[in-house]
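The values are calculated or read from the model by the stated rules, or taken from the named source; none is laboratory data. It should be emphasised that the depicted structure is a prediction, and the values quoted were computed from it without experimental measurement. Note that we place each Cβ from the backbone using ideal geometry, even for glycine, and neighbour counts take in every protein chain shown.
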Amino acid sequence: MEKDIDLAVTDIQTPHMDGLSLVKKMLGEISPVVPVITVSTPGKEAYREQGLRSGVNFCVPEPLPGFNFISKITVLQSFCG
């Protein structure tokens with residue numbers, strides 16, 4: 001079943017399901033074309049690489065600098081829009 005999702009934002013490290021598993025499930029079962037931004041702790045480059053291989057469009061470090069986050073959303077809107 002495909003849902004109308006404009007953008008997905010998730011943390012890589014979540015309590016019940018890690019963010020990368022969520023991304024894989026969402027892209028495989030809900031919508032294969034939804035743009036995805038993940039949030040990760042600085043110094044966790046392996047998560048960033050895994051995310052990009054899993055279909056993540058951008059991985060931004062915590063804490064989120066507002067201007068950086070908004071610029072990522074703007075870029076995704078122009079490509080997926």
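Points to keep in mind about this one:
- The listed residue being at pLDDT 80 or above and of a type in the set (Ser, Thr, Tyr), out of SER31, SER21: SER21
- Residues in the stretch 18-30 that are closer than 16 Å to GLN50 by Cα, of a type outside the set (S, T, N, Q) and surrounded by 12 or more Cβ atoms within 10 Å (Cβ to Cβ): ASP18, GLY19, LEU20, LEU22, VAL23, LYS24, MET26, LEU27.
- Residue match in the stretch 71-81 (condition: exposed (fewer than 14 other Cβ atoms within 10 Å of the Cβ), at pLDDT below 75 and either within 12 Å of the chain's Cα centre (by Cα) or not in a loop (DSSP other than H, G, I, E, B) (or both)): yes
- Options VAL60, VAL39, VAL9, VAL33: the member that is surrounded by fewer than 17 Cβ atoms within 10 Å (Cβ to Cβ), part of a strand (DSSP E or B) and in contact (Cβ under 8 Å) with a residue 12 or more places away in the chain: VAL9
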